[in-house]
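Presented below is the structure to which this report refers.
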Amino acid sequence: MVIPRPACPQDEPSVIHHPRALLLDLDGVLFDTRVVMCKAWQLVQERHNVDASFEEYLQHVGRPFPDIMRQLGLRDAELLHTTYDEASVRWADLAPPFPGIKAALRAFIEDGWSLGVVTAKPLNRAAPLLERLGCPFGTVRTPGSERGKPAPDALLLALVELGVDPAHAIYVGDMAVDQEAALRAGVRYVHAGWGYGAPAPPTPTIAETPPRLVQIGRNLRALAETSPPAPLRCVR
């Protein structure tokens with residue numbers, strides 16, 4: 001009598017569908033806020049006699065405002081932030097979503113991804129902008145008690161809230177500080193080529209347009225779902 005050998009796990013093909021998350025920065029990724037930031041910084045310059053140029057300020061966007069002030073050698077960060085915040089709220093309507101970003105977000109939702117935002121913009125300025133996109137963001141991480149980028153804290157907290165493993169997430173940013181935060185969080189980084197900054201070496205995956213971002217997401221998901229699982233030892 002021959003007793004059939006029990007099948008080992010690797011003998012039977014299987015596909016594991018992991019929950020996936022697309023996390024995005026806001027400035028330079030979702031909305032073109034450059035003109036708003038420029039006008040706000042001009043008011044800071046005029047009201048507080050600040051010499052640092054807008055281009056100098058823009059190089060550090062993505063970090064918490066107090067960190068940017070330290071980078072620029074400026075004091076009274078809280079006072080400067082109050083002026084900057086006031087102007088940013090006043091001119092917020094001048095910031096449009098980037099062309100194609102709404103359709104890209106809808107495509108990710110249809111493909112089963114959870115959406116989240118991780119930004120250095122305060123909630124009082126981020127929330128009205130995000131409402132204009134009409135998307136169900138599962139989490140929105142704005143500056144709080146955790147460390148700001150390039151620390152990985154906000155990215156990891158966002159993934160905890162979404163219930164997604166870092167290995168199954170993408171973070172889309174447009175500054176080197178975003179790239180560093182993703183690296184430290186163990187999250188795949190995609191650089192928004194339509195944004196304001198250049199990536200740091202080694203060169204990451206770059207999406208030149210929002211439609212290209214959708215294709216990158218689909219390619220990564222297809223690769224993960226069609227790759228065979230790691231072989232397991234079958235004890236006989």
Linear extension gain, Glu161 paired with Ala52, 0.36 nm per residue minus alpha-carbon span:
35.4 nm
In the chain, with Lys and Arg counted as +1 and Asp and Glu as -1 at Cβ, which of these residues, Val164, Pro199, Val35, has the Cα nearest the positive end of the dipole, that is, farthest along it?
Val164
So how strong a dipole does segment 88-129 carry about its Cα centre when Lys and Arg Cβ are +1 and Asp and Glu Cβ are -1, to the nearest 20 debye?
220
Principal-axis tilt of helix 101-110 within the chain, Cα atoms, nearest 10 degrees:
30
Candidates [x] 13.9; [y] 11.8; [z] 15.4; which is the computed mean projected area of the Cα convex hull in nm²?
[z]
With a ≥ b ≥ c from the Cα gyration tensor eigenvalues, square-rooted, and the rule rounded for a/c under 1.5, otherwise prolate when a/b > b/c and oblate otherwise, segment 37-174 is prolate
Suppose every Lys and Arg Cβ carries +1 and every Asp and Glu Cβ carries -1, with no other charges. What dipole size does the chain come out with about its Cα centre, to the nearest 20 debye?
620
Sort the following peptides by mean Cβ neighbour count (other Cβ atoms within 10 Å, averaged over residues), highest first: 164-175, 66-77.
164-175, 66-77
So with the 1.4 Å probe, I'd like the accessible area per residue for segment 102-236, rounded to whole Å².
49
What number comes out for the charge environment of His191, summing +1 per Lys or Arg and -1 per Asp or Glu over other residues with Cβ under 13 Å away?
-3
Spatial separation of Cα centroids for segment 96-175 and segment 33-81, in angstrom:
24
Taking amide H positions as placed 1.01 Å from N in the peptide plane, with prolines and chain starts having none, which residues 5 or more places from Val117, or on another chain, fall under 5 Å of its amide H?
Leu24, Thr139, Val140, Arg141
Cα-based shape type of segment 96-179, given that a ≥ b ≥ c are square roots of the gyration tensor eigenvalues and the cut on a/c is 1.5:
oblate
Residues other than Asp153 with Cβ under 11 Å of its Cβ, Lys/Arg counted +1 and Asp/Glu -1, net out at +3
Could you rank the peptides 182-191, 210-219 by their average count of other C-beta atoms within 10 Å per residue, with the highest value first?
182-191, 210-219
Share of segment 33-146's accessible area from carbon and sulfur, percent, 1.4 Å?
48
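The values are calculated or read from the model by the stated rules, or taken from the named source; none is laboratory data. Quick caveat: nothing in here was measured; it's all calculated off a predicted structure. Note that each Cβ is placed from the backbone with ideal geometry, even for glycine, and that neighbours are counted across all protein chains shown. We work out accessible area using only protein heavy atoms, side chains counted, and drop any ligands, DNA or RNA first. Shrake-Rupley method; radii C 1.70, N 1.55, O 1.52, S 1.80 Å.
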